[in-house]
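Report on the following structure.
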Amino acid sequence: MSRLLMIAAWLVDLQAIFKLPLIALIAYLLGSFNTSIVVSKVALKKDIRDYGSGNAGFTNAVRSMGVKRGMLVMLGDITKCALAVLIGQLIYSGNMSFDAGAAGRLLAGAFVFLGHIYPVYFGFRGGKGVLTYAITMVFFDWRIFIIGMSVFFLIALTTKFISLGSILASMSLPLMVFLFSRTNLTDQDMALGYTLVAAFMSGLLVFKHRENIVRLVNGTESKFSFKGKALMEEDEPSEADDQKSEDEKIS
């Protein structure tokens, strides 16, 4: 009997070995579909990475293509992240019950986040992953998402610095992941692993904001506004090199 149990446990572990790489691959490929690049090329026949900050994310999409196209970019990024996380849930647990499968959801979120930043389809030059990180937390634990967004809006609305809000909000998430996982009976044993994944995501997000951090320290970071003419409506890249030293980047 004990041998049968050992064999059953081994088969379960073997199944997990195949599931996790599959989740990671699917999520990464979905994440690599960078909506801002696709929208800029389809709608304007231009590459958003040649305009504004050069970042293929939501904030630069709004500044470079206008609010309407920026909202389309946001919708696309939310959709790909949600799809990846739900696929991760289904593959890992075999059902869509959120009582289990948190590991599959978080793994999928981490790799869609990685794909968004380093998209294989677009020369590994993408966004910064803020939006994909946020949506991952929606599906992992909505309470963590609420706390993170509260930090983000508190900082962003009071300072007008989107980058600062993104950085500080992301830095709060690993601790929240650890605390909420420890209080969840189904996730206690996985709390440290979940926290390490969240710490990796936060660390990479902060790293991608390193230029923003320098500008914040030097007092040269520009404040975000929905007003102003979309840069890509002009014929030329509108001094993209100069904008890189001023524009904020997100998503």
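Here are a few things to note about the model shown:
- Nearby lysines by direct alpha-carbon distance to K223 (threshold 24 angstrom, same-chain neighbours under 8 apart not counted): K68, K128, K160, K208, K244, K249
- Sequentially through region 81-86, phi angles give Karplus couplings (6.51, -1.76, 1.60; θ = phi - 60°) of 5, 4, 4, 4, 5, 5 Hz, Gly and Pro residues having no value and appearing as x.
All of the numbers you see were taken from the coordinates with simple rules; none came from a lab. Values in this document were obtained by computation on a predicted structure and should not be read as measured data.
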